[in-house]
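Here the structure comes first, spelled out in structure tokens, and everything after it is commentary.
Coordinate-derived values only; no laboratory data. Nothing here was measured: the structure is a model prediction, and the numbers come from that model. With ideal geometry, Cβ positions are generated from the backbone for all residues, glycine too; neighbour counts draw on all protein chains shown.
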Amino acid sequence: MAFSWPKETHVVGKKIKRLDGPMKTSGRAAYSYDIIRPNQQFGVLLGSPHAHAKIKSVDTTAAEKMPGVSAVYVVKKPGEEIVYAGDPVVAIAADTEAHAYDALYAIKAEYEVLGHAVTMAASEKEGAPKVTEKDDNVLKGKAHQVGDVDKALADAAAKIEGTYSLPEISHSCLESHGLVAEWNGDKLRVWCSTQATQNVAADLAKEFKIPATNVKCITHYMGGGFGSKFNAGVEGAIGANLAKIAGKPVRLMLDRREEHSAGIRPSADATVTAAADADGVLVAFRAVQKGSPGIGSSANFPLPYVYENIPNIDTRMDSVRCNFHMTRAYRAPGHPQGCFVMESVMDDLAAKLNLDPLEMRRKNLPKGQIGEIYEKELAIGSEMFKWKEKYHPPGKGKAKGSIRTGVGVSFHKWGGGGVPIDQVLCEIHEDGSVLMQSSTQDLGTGNRTVLAIVAAETFGLLPDQIHAEVGESDWAKSHGSGGSTTCPSTAPASLVAATQARDALFAKVAPHLEAKPEELVAVDGKIMVKGTTKSLSWVDACRKLGGEKISVLGKLSLGILRDLSSQGAGGCQFAEVEVDIETGEVRVKEVVAVQDCGLIINKLACESQVAGGVVMAVNAAVLEERVLDQATGRMLNADMEFYKLGMLEDMPRIKVHMFDDPISTSRGVIGIGEPPTISTLAAIGNAIFNATGVRVPRAPFTPRNVLPALLKGGVA
Amino acid sequence: MISAFTYKSPTTLKDAIASLASEPGKSEVLAGGSDLLALMKDRIATPEVVVNIKSIPNLSGINVAGGKIQIGANTTLTDLIEHAAVKKNLPALVSAARDLGSTQIRNVATVGGNLCQRNRDWYFRNGLNPEVKEELQYSSIFPMEGQVYVHPSTLAPVLIAYGASVTVASGVDAAGKEKTREIPVEKLFQVSDLKGKREVVLAPNEIIVSVNVPVVDGVKAAEIEVRERQSHDWPLVQAAAALTVDASGTITKANVVLGHVAPVPVRASAAEKLLVGKKLDANLATQAGKAASEGAKTTPKNEYKTALVEVAVKRALLGAVGNEYWKGA
């Protein structure tokens, strides 16, 4: 059976408020942190104070005798290697948080301290200590070569060289990682803050060697993951182990320090030589790239980016391992880094050629369907932003006191196609109530409402007439919410389930309307015979089920997905900044974001997603940097005071345009989670360049990085 | 997580002083708690006794009399900002207080607590003291006694510029009445050894009762902070200036004080000397800024702060006389 999105819609693509909005805003929604089970114990972790060490001994005898202690779990045994500061060594559960911490302070652990390196420079140095027993510090990547870069550089009209870099940054999830774990015999139930209920259940089944059917992961609400919560993780396994030892439910949620230390976005550094012809067409691109994945294996970021049709390319990427927790996926892995480098190069070259940056982009954007989308987005965005009025050559704008205003633009891409794993259960009950249910989770994107919107569209109802449930691992199959693949999977699966359920209902109802099932339509809360006035209200139609209920498990196949979803979203963003050239202070005044995501399911949620992506990246642009102490390897700013995130006063006006041209929407649903956070930093960096005529090569764009660049450039 | 302690909530100053230990670290004074509780949670402070002073009457509130504004130590920053006489006479103090912390913090944090707070240095707050400290981006450019932290109070530089003093209750006399002493705010600070010796010269059983700011006709003052965040942030550099200018426009007295550049708020004496006897213009302000930054000892991570001192001083001086040139107004 073939499926297609309706041409005319009454709900899909409209601005629909989230069904769970009131639950969240009123504080009634129970997140993992809010779960309180009978006799629940508090779990806490003792992290290693050393960045690289071997355990000599762990003495927990005193801790075990402390008041209220119900479980002591030694995570690292003597002889085991510690590879980052904060690496969990021992976990404690006790009846109160205070008792748990008191016991934690009573643990005696001895370490054989080994040499560590927490910066790329320290790790790469001749004679640097090995950061782990396994693997070398520097994992060399393969070179990617096309054409003859040296020759093209020699002949080019304009050439630039530059080094561009971004620091490591933390996800800073509002709700930290962790769970509540409860055993009942050999059955384990966890309330976990995760973006993959099924992964967590599978991970824990494996950890305890119990059947998958014995583990249930519940995530009705969660407070952000951004890629950091795909698995049970070390904290999940420890929490469940504590609960097993205690014989009581245990809550183990990381504190802010631990959350900041548990996997971050890798740093990125690229030394680029690039050239364009006199028209601004890129002719050569060379990049020596590196980044640190911590003790992980890859910090890769894509280069060249978006403008990839270059005849001569020479790139190589090394990953430089350091003693910090292996990086966890961070919203649009690699893309913001690649985008920042590439878009900086584009404007640096445009300046050499005295070209308007928009002209430079037009010359180099890819061709084909995505190229058309970019062209149209550029037209819409530059109009909304008033680019023509605001643009001036770099450093040549009007001065107001010590303030210089500048504008910048950036383009980005993302995949975001559906995954043929997801299933959704649709039930129609005799009283007219409808259930849409899946084990998928709502990462904060409005996924629960997606199920309801698609069902409402199919049944001629409104979303709040649908009961949508997500977030229990033993419900209909799903996959992890990553790569912007959730909505393009759950929306098609919902359409399949709802369409099949509706057809089953039509079959039951048709005789009562003296029509054939294929003559029926579901609109405006009614089941009608097409072209007539004969109808039954939704509820009356459902009454004809006569004691039965319709229950359909909507499944996807590659073929169905091909009709309902696509890969490849494109977007662009424009930023306006004010730079105080005496102090290097940067204020982001406005960001215009134009974003394509194929067929829009919920315009309001999409706009929120885009605005949220912009906010996240404004922070990365002007504030965020994770700082590790080189001497001790410990994170120095592991709080929300010095790991700085902006508040309302620090945020720009954000104008969002959801690109809904048929050229895009005809492709079906494409995910939107990652794309809107890719371009912002690059656009802001370019706006600073435009304001001052000086490239600030390293984010965050704080006075510490901006002022020296301005002084060097003779502007300050 | 906080370790166990005894909580006392006396209703008289006398009892409060008696409840405090004379050795450092054994007891702590609790007012707004916005600093103390964080220190206790991180076990940087592990007092056996915590003495709440919020139940003592007359420690909060603002009185204007005899050419002075007397600010009770327990006055919250919100109450300070909203006070009419403070707004009228001490605009630079309002500017500093308004930019401090967040609304929630200003609602609980007190003026006395702001002066007695401990430093925010990363190494100190993390309980670390490695031989080599590399991450000095927010640290002192005028290190003192081997210490690289910066004094966190943003009220202190302004209060020093205004010539304010604090009244301190220190012990009880033979008649059972609390003794007080008066300390100029300028003399209130010392370089902490990050152990028993605190950032303030007060004994562990002394309590600030009030801050007293003279109101002098013709004093023009301003305060400038260069920051990373507009909301809730510490300055990278702060400068406060209070100028007395005669009828001819000549500066007769100049107080220029820097914050967030040294372990104590520091007077920019070289800048002050340069200013007195001259008429202020952009050129003189620029020179004063340069003079204020002289002698800085920086590392590659905090070098940028030297340039910020120059700008902040220039702006504080010109801002004091109403020339906010940087805004292009």
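Assorted remarks:
- For the protein assembly as shown, the alpha carbon convex hull comes to 197 Å³ per residue, rounded to a whole number.
- Reduced Cα scattering model of the stretch A:125-237, Debye log10 I(q)/I(0), q = 0.11, 0.17, 0.21, 0.24 Å⁻¹: -0.65, -0.91, -1.08, -1.23
- Reported value for the stretch A:443-507: 87 Å³ per residue, from the convex hull of its C-alpha atoms.
- Reachable aspartates and glutamates from residue B:278, criterion Cα separation under 17 angstrom, eight or more residues apart if same chain: B:246
- Evaluated at q = 0.15, 0.19, 0.21 Å⁻¹: base-10 log I(q)/I(0), Debye formula over Cα of the stretch A:512-669: -0.99, -1.17, -1.24
- Quarter of Cα convex hull surface for the stretch B:114-262, i.e. mean projection, nm²: 11.8 nm²
- From phi via Karplus (6.51, -1.76, 1.60), per-residue ³J(HN,Hα) for the stretch A:280-294 in Hz, x at Gly/Pro: x, 7, 5, 10, 8, 8, 10, 9, 9, 10, 8, x, 10, x, x
- Put a dot 7 Å past the Cα of residue B:68, heading toward its Cβ, do the same for residue A:126, and the two dots end up 6.8 nm apart.
- In order along the stretch A:672-678, phi translates into HN-Hα couplings of 10, x, 7, x, x, 9, 7 Hz, rounded to whole numbers, per the Karplus curve 6.51 cos²θ - 1.76 cosθ + 1.60 with θ = phi - 60° and x for Gly and Pro.
- Here the 3J(HN,Hα) profile of the stretch B:58-70, calculated from phi with Karplus coefficients 6.51, -1.76 and 1.60 at θ = phi - 60°, is 6, 8, 10, x, 10, 10, 10, 6, x, x, 9, 10, 9 Hz, Gly and Pro shown as x.
- Directionally averaged projected area (the stretch B:224-329, Cα convex hull): 7.2 nm².
- Residue-averaged [θ]222 nm for chain B, counting only DSSP H segments that reach four residues, each worth -39500 (n - 2.57): -7500 deg cm²/dmol
- nm² value of the averaged projected area, convex hull over the Cα atoms of chain B: 17.3 nm²
- Amide H contacts of residue A:627: A:636, A:637, each under 5 Å away and 5 or more positions distant or on a separate chain (H built 1.01 Å from N in the peptide plane; Pro and chain starts excluded).
- Nonlocal amide H pairs with residue A:138, under 5 Å, H built at 1.01 Å: A:321
- Distant-in-sequence amide H partners of residue B:209 (H built 1.01 Å from N, under 5 Å): B:167, B:168, B:169
- Taking a span of 27 Å or more along the helix axis (Cα atoms) and a mean Kyte-Doolittle hydropathy of at least -1.0 as the rule, the DSSP H helices of chain A that qualify are A:487-509, A:603-622.
- Against chain B, whose longest principal axis comes from its Cα atoms, helix B:304-320 is set at around 80 degrees.
- Kirkwood Rh and Cα Rg combined as Rg/Rh, the stretch A:642-716: 1.11
- Anchor residue A:130: lysines whose Cα lies under 28 Å away (excluding residues fewer than 8 positions away in-chain): A:54, A:56, A:76, A:77, A:108, A:140, A:142, A:290, B:133, B:301
- As a ratio to 2.2 N^0.38 Å, the alpha-carbon radius of gyration computed for the stretch A:281-327 takes the value 1.40.
- The protein assembly as shown: antiparallel DSSP beta bridges as a percent of all, rounded to 5: 80 percent
- Potential lengthening between residue B:42 and residue B:88 on full extension [0.36 nm per residue; Cα-Cα distance subtracted]: 12.6 nm
- q = 0.26, 0.30 Å⁻¹, the stretch A:390-431: log10 I(q)/I(0) [Debye, one scatterer per Cα]: -0.98, -1.10
- With helices as the sole contributors, chain A gives -8500 deg cm²/dmol at 222 nm; each DSSP H run of n ≥ 4 counts as -39500 (n - 2.57), and the sum is divided by every residue.
- Sites residue A:563 and residue A:375, calculated FRET efficiency, Cβ-Cβ separation with R0 30 Å, nearest 0.05: 0.70
- Per the Kirkwood formula applied to alpha carbons, the stretch A:483-565 shows a radius of gyration over Rh ratio, Rg over Rh, of 1.06.
- Computed over the alpha-carbon atoms, the stretch B:34-154 gives an Rg to Rh ratio of 1.03, Rh here being the Kirkwood radius from the mean inverse distance.
- DSSP beta bridges fully contained in the stretch B:134-242 are about 100 percent antiparallel.
- For the stretch A:412-527, the equivalent ellipsoid derived from the Cα gyration tensor has semi-axes of 28, 14, 12 Å, listed largest first.
- Share of alpha-carbon pairs per 10 Å distance bin for the stretch A:571-638, given as whole %: 16, 33, 25, 19, 6, 0
- Computed from the Kirkwood radius of its Cα pairs, the Stokes-Einstein diffusion coefficient for the stretch A:59-137 at 10 °C and 1.306 mPa s stands at 109 µm²/s.
- Fully extended contour minus Cα-Cα distance, from residue A:2 to residue A:278, at 0.36 nm per residue: 94.3 nm
- Candidate aspartates and glutamates for bridging to residue A:244, where Cα separation is under 17 Å - those fewer than 8 sequence places away on the same chain excluded: A:64, A:95, A:182, A:186, A:203, A:207, A:235
- Compactness of the stretch A:292-406 - radius of gyration and Dmax, Cα, Å: 17.9, 49
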